[in-house]
Amino acid sequence: MNLLPPALAVAIDSRPRETRDTLFLLAVLAWTLLPQITQVPAWCSALAYAALAWRARLAWRGAALPSRWLLLLALVGASLGTVLSHQTLLGKSAGLTLLVVLAALKTLELRARRDATVVFFLGFFLVLASFLHSQSLLTALAMGISVWTLLAALVLAHMPEDRPPLTLALGLAARLLLTGLPLIVLLFLLFPRVAPLWSLPADGNGRTGLSDRMQLGQVAELAQDDSPALRVQFDGEPPPPELRYFRGPVLADPDGSGWRMRPGLTGEPAPAPAPGAPLLRYRMTVEPLNISTLPLLERARFAPLPAEGHPRWLRHRDGAWMADRPLAGRLQVQAQAVLDMPLHRAPAGAGTGAGAGTPGPAEPPPALRQDLALPDGRHPRTRAWAQAQLDADGRARHEPARAAQQLLEHIRRQPYVYTLAPGESGPEPVDEFWLDRRSGFCEHYASAFVIAMRAVGVPARLITGYQGGRINPVNGMLEVRQSDAHAWAEYHDPRRGWVRIDPTAAVAPERILQPARAGGGGGAIADTFAALDPLLLERMRALWSAADHRWNQWVLGYGSQGQRELARSLGWQMPDATTLARLLAGLIGGFALVGALMLIGPLRRRDPDRLWRQGQAQLREGLRRRGLPVADHHGPDTLAQQVRQRWGTAGEPLATRLQDLGQWRYARHGQRGALRPLLRQARQALRRLPPS
């Protein structure tokens with residue numbers, strides 16, 4: 001099958017084989033360089049693809065290659081560019097930049113097979129370099145194509161001088177890869193995972209807007225990112241969307257116009273669950289977040305189950321679980337939540353000023369006074385509004401649920417708008433949002449709620465994390481993406497403790513009950529699929545997400561713990577790294593021996609030239625037994641001439657077969673017929689010769 005346009009395919013076929021093979025290698029290199037575009041400076045990508053395009057033009061026209069002085073000048077310039085971009089020639093980033101430049105420039109001195117071999121192996125190094133910054137399923141598939149086509153180019157360079165088709169080289173390369181696949185699987189399963197040799201240091205490339213500090217607009221920016229954040233498998237039915245709050249950093253201390261997390265790790269156990277509260281167990285895969293807080297489903301009373309290589313968990317006094325180091329790598333945890341989080345409910349008579357039960361204490365306890373702090377001189381209009389509207393009778397701190405309900409009713413009555421683009425803010429963004437523009441994202445509503453509650457003496461705090469997510473119909477897992485990032489609030493009720501309230505639900509309840517992806521479209525291809533079938537794109541995304549999760553779980557998540565579980569399933573208890581290494585060495589040696597035995601026989605049988613020489617030797621020996629003096633150096637044509645001289649017409653069948661063998665020997669490989677029938681016919685003609 002030809003993937004090229006017919007006119008281009010005809011034009012390539014009309015050129016010499018060297019041109020075709022060079023263009024194929026350049027196309028493979030261009031594909032292999034694609035993952036590096038976002039990892040190297042823009043000038044490096046431009047230089048690399050310009051060099052490949054120039055080399056393709058020279059190959060197409062059959063023009064001479066540039067001088068070595070010009071290439072040396074380009075290399076010096078690239079080295080200077082690397083120093084300017086990375087301030088060094090050492091390190092992973094600088095090394096990757098130089099590797100991309102060298103691979104592209106080397107094609108401009110592609111004169112001999114030795115140069116081609118260097119280009120091939122630079123291409124294989126580029127494949128390895130792609131996995132330094134991404135081990136995703138998409139990267140693996142793309143680099144699998146690169147390995148296959150690079151191997152095909154290598155095979156093509158060692159094929160005969162005539163013009164073998166590309167499909168022949170691609171097929172042979174595919175067979176070679178399939179032959180080595182069992183050994184690759186064996187190495188993957190048994191090679192000891194010895195830290196730190198098995199892993200690379202993290203560069204902190206995880207993507208998240210969650211942090212221990214937040215400025216207004218930060219979560220809105222994150223909502224444009226549709227990449228996965230969490231994947232959750234529940235033991236049983238998943239909770240409804242309004243209970244899917246994954247608690248991240250708790251931001252309780254004001255920080256100018258934003259908020260920051262308060263120090264407060266504690267080794268004390270969490271409060272006991274409420275009697276009869278449902279317990280929900282689940283397993284969760286966490287993508288690299290680069291924060292120390294693990295977003296667990298509220299309320300997580302128990303620490304995640306420890307596993308090898310996982311951090312040590314400590315509970316923050318604000319209810320979040322934190323690690324002893326940032327979560328810079330993909331993590332799999334088992335956790336459980338107790339669904340007993342007090343939720344805000346409208347008190348009877350909240351809008352009429354009626355009481356809501358026995359008043360609480362006049363002043364909050366000392367442990368909660370920090371949750372009343374507001375920065376001096378900030379948010380003056382919002383604070384004045386809250387004191388006038390929520391605490392006119394001085395009862396707000398005694399009836400916090402009433403004050404919270406008044407805030408929700410205010411949001412519902414006024415023309416507030418839920419939007420990702422609220423516009424530019426001035427020096428007092430909360431005042432402008434709450435009293436002027438009335439348009440904002442979840443962090444605007446949660447922040448204004450906390451400030452208003454604190455202004456009237458009610459302890460309150462802001463919570464960031466993820467809310468909602470969607471169930472993947474392929475594997476039944478809850479998928480929480482970065483676009484599901486959310487901010488909500490909690491206030492303290494003297495009778496109920498900390499109560500969760502989500503002001504966003506007052507203006508956009510569909511955000512909580514039916515979370516939608518806030519990110520943009522998927523581009524022209526995605527729009528085309530969506531136009532053909534509105535559900536087609538969603539089904540394709542679900543399939544890809546399920547496959548990506550399996551890749552993360554079975555391949556990227558397979559480590560020493562997985563090796564021990566595999567060994568136990570085979571009846572082998574607790575093997576150590578040394579035992580695994582010995583077993584692996586023995587199995588590789590056994591594979592090598594079996595492979596050698598399997599290859600020797602077929603190679604001996606399938607080598608046509610060797611078979612031809614053996615057949616000639618047998619025919620010469622048969623002629624000697626019949627009294628014809630022949631020498632070892634006599635070829636088929638000489639033997640045919642001697643047979644005609646000795647036996648005349650009776651020897652004509654054998655002489656004809658000998659001439660056919662001579663023509664077979666010197667024919668091109670693609671024009672040779674079957675050899676074994678010729679040898680068999682020659683032996684039959686030899687047996688029919690009359691005695692001399």
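Bear in mind that the values in this text are calculations on the coordinates, not laboratory data. A quick note: this is a predicted structure, and the numbers were derived from the prediction, not measured. Quick reminder, even Gly has a Cβ in these numbers, built from the backbone with ideal geometry, and neighbours come from all protein chains shown.
Structure values in brief
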quantity	calculated
Other-chain or far-sequence residues with amide H under 5 Å of Thr419's (modelled H)	Gly440, Phe441
Added length on full extension, which subtracts the Cα-Cα distance from 0.36 nm per residue, Ile588 to Val83	177.5 nm
Gain in span if fully extended, Arg111 to Glu652, counting 0.36 nm per residue against the direct Cα distance	189.7 nm
Column: log10 I(q)/I(0), Debye, Cα scatterers of the stretch 80-126, q = 0.21 Å⁻¹	-0.70
Ranked Ile471, Ile184, Ile501, criterion: other C-beta atoms within 10 Å, fewest first	Ile184, Ile471, Ile501
Backbone HN-Hα couplings from phi across the stretch 488-501 [Karplus 6.51/-1.76/1.60, Hz, Gly and Pro as x]	9, 9, 9, 10, 9, 9, x, 8, 10, x, 6, 10, 7, 9
Residues with amide H under 5 Å from that of Ser292, placed H, sequence gap 5 or more	Leu327
For the stretch 1-155: relative contact order, % (alpha-carbon pairs under 8 angstrom, 6 or more apart)	28
By average C-beta atoms within 10 angstrom, highest first, the peptides 484-495, 144-155	484-495, 144-155
Difference of contour (0.36 nm per residue) and Cα-Cα distance, Phe124 to Ala674	194.2 nm
For the stretch 366-513, size of Cβ-based charge dipole, Lys and Arg +1, Asp and Glu -1, in debye	340
Other-chain or far-sequence residues with amide H under 5 Å of Gly465's (modelled H)	Gly248, His486
Förster radius 30 Å - calculated FRET efficiency between Ala421 and Gln135, Cβ distance, rounded to 0.05	0.30
HN-Hα J in Hz across the stretch 243-254 - Karplus 6.51, -1.76, 1.60, θ = phi - 60°, x for Gly and Pro	10, 8, 10, 9, 6, x, x, 9, 9, 10, 9, x
Of Leu478, Gly426, His379, farthest towards positive along the dipole that unit charges on Lys, Arg, Asp, Glu beta carbons give the stretch 366-513	Leu478
Label point distance in nm, Val185-Arg317, each placed 7 Å from Cα along Cα→Cβ	5.5
Residue order, fewest to most surrounding Cβ atoms within 10 angstrom, among Arg381, Arg114	Arg114, Arg381
FRET efficiency, Gln663 to Arg260 (Cβ-Cβ, R0 60 Å, nearest 0.05)	0.10
The stretch 617-692 and the stretch 382-450: distance between their alpha carbon centers, rounded to Å	104
Burial order of peptide ranges 542-553, 459-470, 232-243, 116-127 (average beta-carbon count within 10 Å, highest first)	459-470, 116-127, 542-553, 232-243
Reduced Cα scattering model of the stretch 607-687, Debye log10 I(q)/I(0), q = 0.11, 0.15, 0.18, 0.25 Å⁻¹	-0.25, -0.47, -0.68, -1.29
Whole-Å semi-axes of the stretch 366-513's equivalent ellipsoid (Cα gyration tensor)	27, 19, 14
Packing-based order for 42-49, 25-32, using average beta carbon neighbours within 10 Å, highest first	25-32, 42-49
The stretch 366-513, relative contact order [Cα under 8 Å, separation at least 6], %	26
The stretch 6-190: Rg to Rh, with Rh as the Kirkwood radius over Cα pairs	0.98
